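Novice: Dropping the structure in here first, questions after.
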Amino acid sequence: MAQQTENYRYFGNPEGLDLRGMPVRVLIVDDEELTRKLVSQVLRSVGYDVVGEATNGVEALEMFKMYKPEMVTMDVRMPQMDGISALKQLKIIDPGASVVMLTNENDKETVTQIIKAGALNYIVKPIKRQTILQKLREARISIYENQKSK
């Protein structure tokens, strides 16, 4: 726990800042407008820079290429292209893409697919403010640890 606390402090306060003190750029992807707005509001309130909001995997890929966010939150089930397919495509575009998935399902099969596709973490809906912040914090610590070990 001491290591995790040390890493958390390393990211500074507010927690939406990166190691240089700049806001972490996030793309939010969900077909439900209410969910997009909730995630956006929570992240902006602590200093994240929400660079875009997409409603499906196709839009997510376009916006990812355009805005090059440091992190992505993405729903699993969406029209046109689902989140797992979009995640796999994002990993081809950028193998280091940092994605936290959102899902209504907490079954073993869905979680396994999310992790195999390359997500750093996942959040089960309904979404709570503290859960969003905690899961993104865990993902950022994971990114930091991976960079540190290289």
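The values are calculated or read from the model by the stated rules, or taken from the named source; none is laboratory data. Here the structure is a predicted model, which means the values were calculated and not measured. Don't worry about glycine lacking a Cβ; one is built from the backbone with ideal geometry, like all the others, and counts go over all protein chains shown.
Novice: Of everything in the range 82-133, what is of a type outside the set (A, V, I, L, M), crowded, with 16+ Cβ neighbours inside 10 Å, part of a helix (DSSP H, G or I) and in contact with a strand residue (DSSP E or B) (Cβ under 9 Å, 6 or more places away or on another chain)? Give them in sequence order.
Specialist: Gly83, Thr110
Novice: While we're here: Restricting attention to the range 66-76, and to residues there that are touching a residue at least 40 places away in the same chain (Cβ under 8 Å) and surrounded by fewer than 18 Cβ atoms within 10 Å (Cβ to Cβ), which single residue is nearest to Ala119 (Cα to Cα)?
Specialist: My answer is Lys68.
Novice: Please go through the range 21-49 and give me each residue that is under 16 Å from Arg137 (Cα atoms) and either assigned to a loop (DSSP other than H, G, I, E, B) or without any contact (Cβ under 8 Å) to a residue 40 or more places away in the chain (or both), ordered by number.
Specialist: Those that are under 16 Å from Arg137 (Cα atoms) and either assigned to a loop (DSSP other than H, G, I, E, B) or without any contact (Cβ under 8 Å) to a residue 40 or more places away in the chain (or both): Gly21, Met22, Pro23, Val24, Ser40, Arg44, Ser45, Val46, Gly47, Tyr48, Asp49.
Novice: So which of Ile127, Ile115, Ile93, Ile141 ends up being under 18 Å from Val29 (Cα atoms) and in contact (Cβ under 8 Å) with a residue 40 or more places away in the chain? Can you show your working first?
Specialist: On the way: Ile115 fails: in contact (Cβ under 8 Å) with a residue 40 or more places away in the chain; Ile93 fails: in contact (Cβ under 8 Å) with a residue 40 or more places away in the chain; Ile141 fails: under 18 Å from Val29 (Cα atoms).
Going through Ile127, Ile115, Ile93, Ile141 in turn, the sole match is Ile127.
Novice: Here is a list: Leu34, Leu27. Which entry is surrounded by fewer than 16 Cβ atoms within 10 Å (Cβ to Cβ), at pLDDT 95 or above and of a type in the set (A, V, I, L, M, F, W, C)? Steps first, please.
Specialist: Numbers: Leu27 fails: surrounded by fewer than 16 Cβ atoms within 10 Å (Cβ to Cβ).
Within the list Leu34, Leu27, the selection yields Leu34.
Novice: Does any residue of the range 57-65 turn out to be in contact with a Ser or Thr (Cβ under 7 Å, 6 or more places away or on another chain), modelled with pLDDT of 95 or more, within 18 Å of Lys37 (Cβ to Cβ) and surrounded by 14 or more Cβ atoms within 10 Å (Cβ to Cβ)?
Specialist: no
Novice: Within the range 47-56, does at least one residue satisfy the condition of being more than 13 Å from the chain's Cα centre (by Cα) and over 27 Å from Thr112 (Cβ atoms)?
Specialist: Yes, the conditions are met somewhere in the range 47-56.
Novice: Go through the range 136-150 residue by residue and tally those that are modelled with pLDDT of 70 or more, over 13 Å from the mean Cα position of the chain (by Cα) and of a type outside the set (D, E, K, R).
Specialist: Result for the range 136-150: 1.
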